[in-house]
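All remarks here apply to the structure that follows.
The values are calculated or read from the model by the stated rules, or taken from the named source; none is laboratory data. All values reported here derive from a predicted model rather than from experimental measurement. No Cβ is skipped: glycine too gets one built from the backbone with ideal geometry, and neighbour counts run over all protein chains shown. Only protein heavy atoms, including side chains, enter the accessible area calculation; ligands, DNA and RNA are left aside. Shrake-Rupley method; radii C 1.70, N 1.55, O 1.52, S 1.80 Å.
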Amino acid sequence: MRRLSLFKLCTLLFLLFTLFYFYSSSNITNGSKLNSTQHKNVNNDLKSSVVKNKTNIDRIVISFVVCDSRFNESLNVIKSVLIFTKTPTHFVIFSDDKLEHKFNETLTKWKAILRDQFDFELQKIKFPKAHEEDWMNLFSKCAAQRLFIPNLITHIDSMMYVDTDTLFLGPADRLWEVFYKMNRTQISAMALEDDNPNISWYPRFAKHPFYGKYGLNSGVMLMNLTRMRDFGWVDYVTPIMLKWKLYIPWGDQDIINIIFHYHENAVYVMTCNYNYRSDQCVYGDACEPASHGVLVVHGSRGVFHNNKQPAFQAVYRAINEYEIGSDRMTVLTNLDKYLNEAPPSNCGNMKDSLLKLPIDTLTNKYVKPDR
């Protein structure tokens, strides 16, 4: 009798243990499936978010610094963006007190004409009190302000900085999209000074460290300001200026090169058609990507205003003569006309590259924004 009872007890325990085992296994399996499904959903949500950001740019932020005689030139930067860009654009303008009223007056009139296509904010020139005079006159007046921007406009995450002698020839969206090509370690994006050691200034003349083999040109500079703040960007610039100030003829650009000499992984290198200068064409075509169209033309060394590069003058003249609110096709008509009228030159031979994006943007491929 006792043996039978013991047998029944063992049988009962075995059945209970078996039921518990299958129940636990079922839960673990279901839990794994649930976690797997949740993980997939999270990845899909993240992927969708990234794709959405890449294809739907809500606002573009562009900044420049201007003092003294560069007012008209800087207005043409804005004008060139407004001609070719349908995405709403926010301009952050650093200027001296003399120009504040002129900017307010002109840009308020333009806003009334174009309504919601752009807005702007004016920022005062502000350097650290220590060495303020050195900073103010480094290279050209106010130019070094760009080095301190990450700490001056902390309400902005990212922006595209351009020199006042630059003009867009296509949608600014294309330049903004470079942000999505940068990896998590990269805080900025720029084009090389030149990729030819016989032309590039840095390998031939620089007496200070510079990026890579050829150096960077900072006339067009994408700045992820949040990452630059985390990087401690502004903490670097004054010690570098004090150490190298007798050897940096290009001022802020040289300081930028010194920083990225020691932090090469922190910069994304753009192609030359995003910062197209006369160096890329003066001796013949030295910028293969320009065959796909020049997005930003950079009139460094005064080529928009002197007679050294007639093709660059032609581009500037076509933008300068455009009246905000008038037919944008006049820009294309005049650009083609002035390039054809320009005296022959190697840069003039790049006419098709200079016209490609304006044609694509202003003709059948351009979708006019609703206003």
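Report yes if some residue within the range 139-148 is of a type outside the set (Asp, Glu) and more than 29 Å from Gln309 (Cβ to Cβ); otherwise report no. Yes, the conditions are met somewhere in the range 139-148. Filtered by the rule that a residue be modelled with pLDDT of 95 or more and either on the phi > 0 side of the Ramachandran plot or among the charged types (D, E, K, R) (or both), the range 330-371 gives Asp336, Lys337, Glu341, Lys351, Asp352, Lys356, Asp360. Which ones in the range 182-196 are among the hydroxyl-bearing types (Ser, Thr, Tyr) and either in a loop (DSSP other than H, G, I, E, B) or more than 14 Å from Tyr211 (Cα to Cα) (or both)? If the condition is that a residue be among the hydroxyl-bearing types (Ser, Thr, Tyr) and either in a loop (DSSP other than H, G, I, E, B) or more than 14 Å from Tyr211 (Cα to Cα) (or both), then Thr185 is the only one that fits.
Scanning the range 193-212 for any residue that is touching a helix residue (DSSP H, G or I) at 6+ places or on another chain (Cβ under 6 Å), within 14 Å of Ser63 (Cα to Cα) and open to solvent by 30 Å² or more (accessible area, probe 1.4 Å) turns up nothing.
Within the range 56-71, take every residue that is assigned to a helix (DSSP H, G or I) and free of Cβ contacts under 8 Å to residues at least 60 places away in the same chain and give me the one that is farthest from Lys86 (Cα to Cα).
Among them, the one singled out is Ser69.
Of all residues in the range 269-295, which are part of a loop (DSSP other than H, G, I, E, B) and surrounded by 15 or more Cβ atoms within 10 Å (Cβ to Cβ)? Thr271, Asn275, Arg277, Cys281, Ala286, Cys287, Gly293, Val294, Leu295, listed by residue number.
Kindly indicate whether Ser353 is among the hydroxyl-bearing types (Ser, Thr, Tyr), closer than 22 Å to Arg174 by Cα and in contact with a helix residue (DSSP H, G or I) (Cβ under 6 Å, 6 or more places away or on another chain). When the stated conditions are applied, Ser353 passes them.
Results for (1) within 13 Å of the chain's Cα centre (by Cα); (2) closer than 23 Å to Trp135 by Cα; (3) crowded, with 18+ Cβ neighbours inside 10 Å, shown as yes or no for each residue.
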{"position": "Asp165", "(1), (2), (3)": "no, yes, yes"}
{"position": "Ser188", "(1), (2), (3)": "yes, yes, yes"}
{"position": "Ser218", "(1), (2), (3)": "yes, yes, yes"}
{"position": "Val234", "(1), (2), (3)": "no, yes, no"}
{"position": "Lys243", "(1), (2), (3)": "no, yes, no"}
{"position": "Ile255", "(1), (2), (3)": "no, yes, yes"}
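Inside the range 104-116, residues that are touching a residue at least 24 places away in the same chain (Cβ under 8 Å), within 25 Å of Asp157 (Cβ to Cβ) and surrounded by 13 or more Cβ atoms within 10 Å (Cβ to Cβ) make up a count of 2.
Can you work out which of the residues in the range 296-346 that are among the β-branched types (Val, Ile, Thr) and assigned to a loop (DSSP other than H, G, I, E, B) is farthest from Asn76 (Cα to Cα)?
Step one: list which residues in the range 296-346 are among the β-branched types (Val, Ile, Thr), which gives 296-297, 303, 315, 319, 324, 330-331, 333.
Checking which are assigned to a loop (DSSP other than H, G, I, E, B) leaves us with 303, 324.
Numbers: Val303: 15, Ile324: 11 Å.
Among those that are among the β-branched types (Val, Ile, Thr) and assigned to a loop (DSSP other than H, G, I, E, B), it is Val303.
Within the range 117-156, if we keep just the residues that are open to solvent by 20 Å² or more (accessible area, probe 1.4 Å) and β-branched (Val, Ile, Thr), the residue that is nearest to Arg70 (Cα to Cα) turns out to be Ile125. Output yes when any residue across the range 130-152 is touching a strand residue (DSSP E or B) at 6+ places or on another chain (Cβ under 6 Å) and assigned to a loop (DSSP other than H, G, I, E, B), and no when none is. Within the range 130-152, one or more residues are touching a strand residue (DSSP E or B) at 6+ places or on another chain (Cβ under 6 Å) and assigned to a loop (DSSP other than H, G, I, E, B). Of all the residues in the range 201-217, those that are free of Cβ contacts under 8 Å to residues at least 60 places away in the same chain and either in a strand (DSSP E or B) or over 22 Å from Met241 (Cα atoms) (or both) number 1. Within the range 328-345, being more than 28 Å from the chain's Cα centre (by Cα) and either open to solvent by 70 Å² or more (accessible area, probe 1.4 Å) or free of Cβ contacts under 8 Å to residues at least 12 places away in the same chain (or both) holds for Thr333, Lys337, Asn340, Glu341, Pro343, Pro344.
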